[in-house]
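Report on one structure; see the data block that follows.
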Amino acid sequence: MVVFVDSEADTSQVEYLLPQFDNMWETPYSITDANELQMCKVDRVNGSPSGKLYMINHSLNYRFLGTDIIVPDRNKASTTNSLDSIVKHANECAKLGEGRYPNFVLLDWVDCGTPFEALKTLNGL
């Protein structure tokens, strides 16, 4: 088993808790504008993203009661988690991912939309 942690990983103490951003990069999270959902840019990584695993954060959020509190938007999850939306995002990121699709796709509400069909498509199944 391999577990990535985003902070305070100490492989000298627990060898299977790996520092996430030493080993992968990810796209921005907490997106609140649907027009920005499929855009791809490197958000968090230690050093160069070259040759590393990567994860797309594919979730749409909204500001709760107009505050700075960001929560997942279940009402738009079927569209966000559609085959077209996920594959479009992955295709955009493949340009930064050295021609590879993401190793991980982070989603909210996997029971909405067609996320499993999208993941099958990305895996050539």
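For the reader, a short list of remarks on this structure follows.
- Just one of the listed residues (Leu125, Leu37) is out of contact with any strand residue (DSSP E or B) (no Cβ under 8 Å at 6 or more places or on another chain) and either more than 30 Å from Met1 (Cβ to Cβ) or open to solvent by less than 60 Å² (accessible area, probe 1.4 Å) (or both), and it is Leu37.
- Looking across the stretch 38-75, the residues that are at pLDDT 95 or above and either in contact with a Cys (Cβ under 9 Å, 6 or more places away or on another chain) or of a type in the set (Asp, Glu) (or both) come down to Tyr54, Ile56, Asp73, Arg74.
- So Asp22, is it open to solvent by 20 Å² or more (accessible area, probe 1.4 Å), among the acidic types (Asp, Glu), closer than 24 Å to Val5 by Cα and not in a loop (DSSP other than H, G, I, E, B): yes
- Ser85 vs. criteria hydroxyl-bearing (Ser, Thr, Tyr), surrounded by fewer than 17 Cβ atoms within 10 Å (Cβ to Cβ) and either in contact with a Pro (Cβ under 6 Å, 6 or more places away or on another chain) or in a helix (DSSP H, G or I) (or both): no
- Any hit, the stretch 13-32, residues being closer than 18 Å to Lys120 by Cα and among the hydroxyl-bearing types (Ser, Thr, Tyr): no
- Filter pass, Lys76 being part of a helix (DSSP H, G or I) and basic (Lys, Arg): yes
- Single residue of the stretch 25-34 satisfying the filter (in a loop (DSSP other than H, G, I, E, B) and out of contact with any Pro (no Cβ under 9 Å at 6 or more places or on another chain)) that is surrounded by the fewest Cβ atoms within 10 Å (Cβ to Cβ): Asp33
- With respect to (1) touching an Asp or Glu at 6+ places or on another chain (Cβ under 9 Å); (2) free of Cβ contacts under 8 Å to residues at least 24 places away in the same chain; (3) aromatic (Phe, Trp, Tyr), the lone exception for Tyr101 is condition (1).
- Filtered by the rule that a residue be touching a residue at least 12 places away in the same chain (Cβ under 8 Å) and either among the aliphatic types (A, V, I, L, M) or in a strand (DSSP E or B) (or both), the stretch 10-19 gives Leu17, Leu18, Pro19.
- Cross-chain or 6+ apart pairs with Cβ under 7 Å, the stretch 47-70 first and in contact (Cβ under 8 Å) with a residue 24 or more places away in the chain, then part of a strand (DSSP E or B) and aromatic (Phe, Trp, Tyr): Pro49/Trp25; Lys52/Trp25; Tyr54/Trp25; Met55/Phe104
The values are calculated or read from the model by the stated rules, or taken from the named source; none is laboratory data. Owing to the predicted nature of the structure, the values given are computational and were not obtained by experimental measurement. Methodologically, a virtual Cβ is constructed for each residue, glycine included, from the backbone with ideal geometry; neighbour enumeration extends over all protein chains shown. In case anyone asks, the SASA skips ligands and DNA or RNA and just uses the protein heavy atoms, side chains included. Shrake-Rupley method; radii C 1.70, N 1.55, O 1.52, S 1.80 Å.
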